[in-house]
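The structure appears below as structure tokens.
The values are calculated or read from the model by the stated rules, or taken from the named source; none is laboratory data. The structure presented is a predicted model; accordingly, all values stated were derived computationally and were not measured. We place every Cβ from the backbone using ideal geometry, glycine too, and count neighbours over all the protein chains shown. Only protein heavy atoms, including side chains, enter the accessible area calculation; ligands, DNA and RNA are left aside. Shrake-Rupley method; radii C 1.70, N 1.55, O 1.52, S 1.80 Å.
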Amino acid sequence: FSKLSETEIRNTLALFLFRGDDVYKEIAVLSGGEKARLSLAKLMLSKVNFLILDEPTNHLDIASREILEDALEKFEGTVLAVSHDRYFIQKLSTRILSFERATLFDFHGNYREYLSYRETELSRGAVGNDAGTPSNAHMEKKPSSPDSRPPDAKAQYLAAKQAAAERRRAERRFEKLGAEIPVLEKELEDNTRECETTAALDHVRLSELYERNAVLEETLLSLWEEYETLKASLGAEDQGALS
């Protein structure tokens, strides 16, 4: 990723727990979990829109699993993942393809909804007797699938799902800005104070501070504009908005 600045690369690596001298490690010395995190970082930077993951949480510690889940939750493309990790499936899934014996069961919804639906169908006797394998009637009904609903209902379902996803992204961005802006304002304040005191005797340092402050002021202006726009769109009176 030669077009990215060192700052951008370090920020990305930090999101995947590579900080300080860790960024200088050779890949050969990384542990299995570290290599997995690095691969995920590369995937996120590649701007692909479709990921195929095979048991992605295997051999990851808790911190690495949380990073993976957060990264995939923010991923705007499509993810096709094979997993036996039920927590991972519940947190991220919007559609379940369950391979049960010789049958593929397609369910639109998350894992908890899928289990609830199967339990209901079992209680109704709508599944076969072979270890809970769905019968043809079960496969045909699929009441939770938007594809089985009338066209208007399906469109409303998809629109509501898209709106909910967009709002979640906006809320995450709003929260991130709320944490980022005070940090940059504190840096600007500290730099300004240094300009007025010790740096006044060091012209090189003074020039560096002026240049940095110019960047900070421009960045903060842009971030505040975005913050206020999100605040208005989210109705953020109760979202811990910055004063």
Tell me the accessible surface of Leu92 in square angstrom (1.4 angstrom probe, heavy atoms of protein chains only), to the nearest ten.
50
Using the beta-carbon distance between Glu6 and Arg212 and R0 = 22 Å, what value does 1/(1 + (r/R0)^6) give for FRET efficiency, to the nearest 0.05?
0.90
Cα centre as origin, Lys/Arg/Asp/Glu Cβ charges: the stretch 1-132 dipole, Debye:
180
Give me the one-decimal nm value for the distance between modelled label points at Val79 and Glu189, 7 Å along each residue's Cα-to-Cβ direction.
3.8
Of all accessible surface on the stretch 41-100 at a 1.4 Å probe, what whole percent is carbon and sulfur?
53
In the stretch 1-95, which GluC sites (Glu not before Pro) are in a loop and have at most 11 other Cβ atoms within 10 Å, using DSSP for the loop call?
Glu26, Glu76
Which of the residue pairs Lys35/Lys176; Lys35/Lys231; Lys161/Lys186; Lys42/Lys91 have a Cα-Cα distance greater than 30 Å in the structure shown?
Lys35/Lys231; Lys161/Lys186
Heavy atoms of the protein only, probe of 1.4 Å, neighbouring chains included. What is the accessible area of Asp85 in Å², nearest 10?
30
Length gained if Lys161 through Glu228 is fully extended, taking 0.36 nm per residue and subtracting the Cα-Cα distance, is 21.6 nm
